[in-house]
1. If R0 is 41 Å, what FRET efficiency do you get for Val323 and Ala56 from their C-beta distance, rounded to 0.05?
2. Roughly speaking, what is the centre-to-centre gap between the stretch 326-341 and the stretch 5-56 when only Cα atoms are used, to the nearest Å?
3. Towards the positive end of the charge dipole of the stretch 277-326, with charges on Cβ (+1 Lys, Arg; -1 Asp, Glu), say which of Ser324, Gln289, Val313 has the farthest Cα.
4. Compare the peptides 7-15, 110-118 by average per-residue count of other Cβ atoms within 10 angstrom and give them in order, highest first.
5. May I ask for the angle, rounded to the nearest 10°, between helix 77-86 and the longest principal axis of the chain, with both axes built from Cα atoms and the value confined to 0 to 90°?
6. Round to the nearest 10 and give me the degree value, 0 to 90, for the angle of helix 106-119's Cα axis relative to the longest principal axis of the chain.
7. Among rounded, prolate and oblate, which fits the stretch 50-193 when a ≥ b ≥ c are the square roots of the eigenvalues of its C-alpha gyration tensor, a/c under 1.5 means rounded, and a/b larger than b/c means prolate?
8. Of Gln118, Ile150, Thr33, which is farthest towards the positive pole of the chain's charge dipole, taken about the Cα centre with +1 and -1 on the beta-carbons of Lys, Arg and Asp, Glu respectively?
Amino acid sequence: MIGAGAAGYFSAITCAEMNAENEVFIIEKTGKTLQKVSISGGGRCNVTNACFEPKALSLNYPRGEKELKSAFSRFQPKDTMQWFEERGVPLKIEPDNRVFPQSNNSQSIINALERAAQRAGVQVLLNSSVVSIVKHQGHFEIKLSSNNSIIAHKIIVASGGSPKASGLDWLKELGHEIISPVPSLFTFNIKDEALRSLSGISMDPVQLKIVGTKIETVGSILITHWGFSGPAVLKSSAFAARILAEKTYCFELEIKWLSGKSEDALRQELMNLKAANPSRQMQTGLPFQLPKRLLNYLLYKSGIEENASWQEVSKEALNRFIVSLLYDRYWAEGKTTFKDEFVTSGGVARPDINFKTMESKKVKGLYFAGEVIDIDGVTGGFNFQAAWTTGFIAGSAAAAI
Ligand SMILES: Cc1cc2nc3c(=O)[nH]c(=O)nc-3n(C[C@H](O)[C@H](O)[C@H](O)COP(=O)(O)OP(=O)(O)OC[C@H]3O[C@@H](n4cnc5c(N)ncnc54)[C@H](O)[C@@H]3O)c2cc1C
């Protein structure tokens, strides 16, 4: 295995457990194993998601949906949960379906992986960076930056995401297409002083559209002091990762604060209220609930006084208010990394891999697992699940002599 992350460990353990005759070792460039597992999920490790239906599960992957759907029929979140629970890690499912160790500590996951690896006889070589792989007749020569070489009969590459395409040149040299990496899972920066004063407000659900694209997500949004965050934003950033990179993260987004509400129905409701209560303060008795600060901001944007009565609201102002509620547009300039979980979109092109075995179609005996592949998911434990699933399939296939 190349890489001592989630995918490298899982494939190494699977390979060693399936065939005791295999001599399995992990080559890791840094001095530490499972570093991302350690910091994942804010130190709690969101190990998977309790979505047990392969098709529904696969919809959480902007890149890799088709390939993972069949892979999940072989190893899915139920299997992940069973795997860890059988190895002494009780898990819990949170109300939003994210799965964590009951200990709320990623160290439980690390301990289980390290114990299982040790029991299965997996060896780990630290501080050994792979710089190239040479295929010879019947074996590989793995060249390290130290100028040493290691001979292996099969290789699973689980070296994770690379922020630069050049970081994967050693895989390109073997004939693989590399999809240039771009970040995924980030929040949007909005320069709007008035919006800043709403920092801390969250709304659930809203509909979020990236203007000029077909990308639309539904979920909760959080107003921060730099712009917008929250699940709907992170999901949009993942599905639009490539488009937004091309736009250098300058784009327009549209928020429908009243998710699912039609313009006609809203207009009718507001007109009825206006006709029935002309002298009543408009703010009281609106046919929807919004946090007061947000409502006042949208009224201000529409040119309506906070304390205006219905009769003081012109038809044009009411129209502007409807537009603010349903088609509220913001210009985003830049992104901010979401610290809890971020991934790289891009990597080894999926068509170069046989997803039944995770074997390269270009180099026999070479397999891939984890984020090194052009696969990534939204937040919620989906990225680790992709690592466990591809790691399991690669480890099983490589175990066969
Ligand atoms: C802060 C943070 C929090 C996250 N939280 C979650 C979460 O809660 N849930 C979730 O599902 N996902 C989460 N993710 C995403 C998840 O961590 C990754 O998708 C996952 O770790 C990918 O696993 P991997 O084994 O493919 O790669 P990695 O974990 O990146 O491991 C790759 C390993 O390969 C080594 N390596 C690289 N190149 C070489 C080389 N040439 N030679 C030798 N070794 C090499 C690296 O040093 C590294 O140790 C989070 C990510 C971040 C950054």
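1. It comes to 0.75.
2. Distance between centres, Cα-based: 31 Å.
3. Positive-end residue among those listed: Gln289.
4. 7-15, 110-118
5. Roughly 60 degrees between the two axes.
6. Roughly 20 degrees between the two axes.
7. oblate
8. Comparing the listed Cα positions along the dipole, Ile150 ranks first.
Rule-based calculations on the coordinates, nothing more; no lab input. Just so it is clear, the structure is predicted and the values come from calculations on it, not from any experiment. Glycine gets a Cβ as well: all are built from the backbone with ideal geometry, and neighbour counts include every protein chain shown.
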